[in-house]
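The values are calculated or read from the model by the stated rules, or taken from the named source; none is laboratory data. Computed from a predicted model, the values in this text were never measured in an experiment. Quick reminder, even Gly has a Cβ in these numbers, built from the backbone with ideal geometry, and neighbours come from all protein chains shown. SASA here: full protein model, heavy atoms, side chains in, ligands and nucleic acids out. Shrake-Rupley method; radii C 1.70, N 1.55, O 1.52, S 1.80 Å.
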Amino acid sequence: MADMMWAGRFSKQVDAGVNAFNSSIAFDGRMYRHDIQGSIAHATMLGDCGIITKEDSLSIIEGLKGILSDIDSGKLELDPNAEDIHMFVEAELTKRLGDVGKRLHTSRSRNDQVAVDLRLYLRDEVKEITALVRELITTIISLAKKHTETIMPGYTHLQRAQPITFAHHLMAYVWMLLRDLGRLGDAAKRMNECPLGCGALAGTTYHTDRQQTSDLLGFDNPMYNSLDGVSDRDYCIELGCALSLLMTHLSRFSEEIILWCSWEFKFIELDDAFATGSSIMPQKKNPDVTELIRGKTGRVNGDLMTLLTMMKGLPLAYNKDMQEDKEAIFDAVDNVKLCVRTFTPMLATMRVLGDNMRNAAARGFINATDCADYLVKKGMPFRDAYKITGTLVAQCIEKGVTLETLPLEDYKAMTDNFDEDVYEAISLDTCVRERKSMGGPAPENVEKQIALAEQRLASLGNL
Ligand code: ARG
């Protein structure tokens, strides 16, 4: 029993199974740097406020730095039997410093300690994810710049609908990802408040300086309610939401890439380094990366559900249920990083088969709206023009021709409003070039859009 820090009021050893069940070091051990960072700030403040002597404060700080470099170098291994990373570091400090080490936990609880550690840890992760998403956006933008004239069919219901360009399609993802960056920035902002010093739940009777620890750790401000400080896991959930949406975007993009590299579409070809083969079918080249991203999106959504469900019935303040937060948010963070890191170079190396995109756009009557619009521009009400064009499409299907190859007399048989210039009006190039409404696919528009997106990216800044 002597080895348990809270042993005083117990008369029995904790059951070995319960100890293992209770322990979180297997997954919170990864926060050791942040735990030590938080403890150094705490020890500094204790010394400056005269709660412990300056001398003890300095010894504790040196001791903590020693532990940090020993874990970093592999000289000190985390004890899998420790209850958690907080207990492990404190026990190690006491092993090294004796009684002085026991002074570190003055006016602090593991409840504020774990809350500050997790905020520090996730703050670093959000920075890393933000940088990865920025790199992805830059990659998509440079691909888009090359394809402002590459005509492809736009789809609704996965049926060919109206002509767009590959750049226009790509830029849709850029705007989604820019919103993701905004959400990550928001999550980082609200995460950046300091719970250290909230104690177990009710603050402390020592004259602490919470502003100092908050400043030392680079937080915007100390949290203003000690109960909230230790009870809050909004920052995990908010980050989880941002990550789920980011994954949703990657998953939709992945789904399209899976379709595009099928023989049925053949709009792109993945680089050999980013595709996989089959164990039996020699001809196969499979888009495993994108399928895994689509699959992992379910898992990241599951992590978010874990967090939301874990919190929904908890009374204030700390409850042990909250230990479950870490595996969920770590899993989400780890998988998002893996996905973005793999997706970006896959996208940068894929081959775009522009001719196939254009050929697909030339079939499927995607200029039918433009044919109707031609009549509208000659004065006909849209509904009548729509009906006439529909009849013409039906005739084309019956004859096995396209609107471009349907003879003028067939047009004229429907209405005299048709003239030779209809062919120019419904050519794919005209259809795209004339779609100049704001946000539309006309090349000059997409170029403006790209410039705006680049401005937005710059204004969002790095975290
Ligand atoms: N390992 C715990 C967690 O991750 C640390 C906080 C423990 N606090 C307590 N009162 N038991 O949540």
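Some points to look at:
- Ordering Y155, A188, L177 by the projection of their Cα atoms onto the charge dipole of region 115-215, which places +1 on the Cβ of Lys and Arg and -1 on the Cβ of Asp and Glu, puts Y155 at the extreme positive end.
- Region 1-112 - percent relative contact order, Cα under 8 Å, separation 6 or more: 30 percent
- Distance from the C-alpha centroid of region 106-174 to that of region 273-339: 16 Å, rounded to the whole angstrom.
- If you wrap the chain in the convex hull of its Cα atoms and look at it from every side, the mean projected area works out to 29.8 nm².
- Fraction of beta bridges assigned by DSSP in region 112-232 that are antiparallel (%, nearest 5): 75 percent
- Taking the Cα centre of region 165-307 as reference, the dipole from Cβ charges on Lys and Arg (+1) and Asp and Glu (-1) amounts to some 280 debye.
- Per residue, the convex hull spanned by the alpha carbons of region 324-463 comes to 207 Å³.
- Dividing the summed -39500 (n - 2.57) terms of all DSSP H runs of n ≥ 4 by the residue count of the chain sets its mean residue ellipticity at 222 nm at -20000 deg cm²/dmol.
- In region 346-452, the GluC sites (Glu not before Pro) that fall in loop regions by DSSP, at most 11 other Cβ within 10 Å: E420
- K326 sits with roughly 10 Å² accessible to a 1.4 Å probe, with DNA, RNA and ligands left out of the calculation.
- For region 278-349, the solvent-accessible area works out to 49 Å² per residue, with a probe of 1.4 Å and every protein chain left in place.
- Each DSSP beta bridge with both residues in the chain is either parallel or antiparallel, and the antiparallel ones are about 80%.
- Charge dipole (region 1-150, unit charges on Cβ, about Cα centre) - positive-most of V133, M31, S59: V133
- Relative contact order for region 276-388, counting Cα pairs under 8 Å that sit 6 or more residues apart, in percent: 17 percent
- Mean Cα-pair separation over length for the chain, i.e. relative contact order, pairs under 8 Å, 6 or more apart, %: 16 percent
- For region 361-402 versus region 196-237, the gap between their alpha-carbon centres in whole angstrom: 66 Å
- Environment charge at G63 (Cβ cut-off 14 Å; Lys +1, Arg +1, Asp -1, Glu -1): -3
- List S59, S214, ordered by accessible area with a 1.4 Å probe, largest first: S59, S214
- Under the span-like rule (Cα at least 30 Å along the axis, Kyte-Doolittle mean at least -0.5), DSSP H helices of the chain: 110-146, 166-191, 234-260, 288-311, 325-349
- Cut-off 20 Å (backbone N to label point 7 Å along Cα→Cβ of Q159), residues of region 249-278: 265
- Candidate aspartates and glutamates for bridging to K266, where Cα separation is under 12 Å - those fewer than 8 sequence places away on the same chain excluded: E256, D355
- About its Cα centre, the chain has a charge dipole of approximately 240 debye under the convention of +1 per Lys or Arg Cβ and -1 per Asp or Glu Cβ, with nothing else charged.
- Here K65 is the anchor, and the lysines within straight C-alpha reach of less than 26 Å, apart from those fewer than 8 places off in the same chain, are K54, K75, K95, K102, K127, K326.
- Sorting M346, M414 by solvent-accessible area of protein heavy atoms yields M414, M346, largest first, with a 1.4 Å probe.
- Remark on region 65-109: ratio of C-alpha radius of gyration to 2.2 N^0.38 Å is 1.15.
- Candidate lysines for bridging to K387, where Cα separation is under 29 Å - those fewer than 8 sequence places away on the same chain excluded: K377, K378, K399, K412, K436
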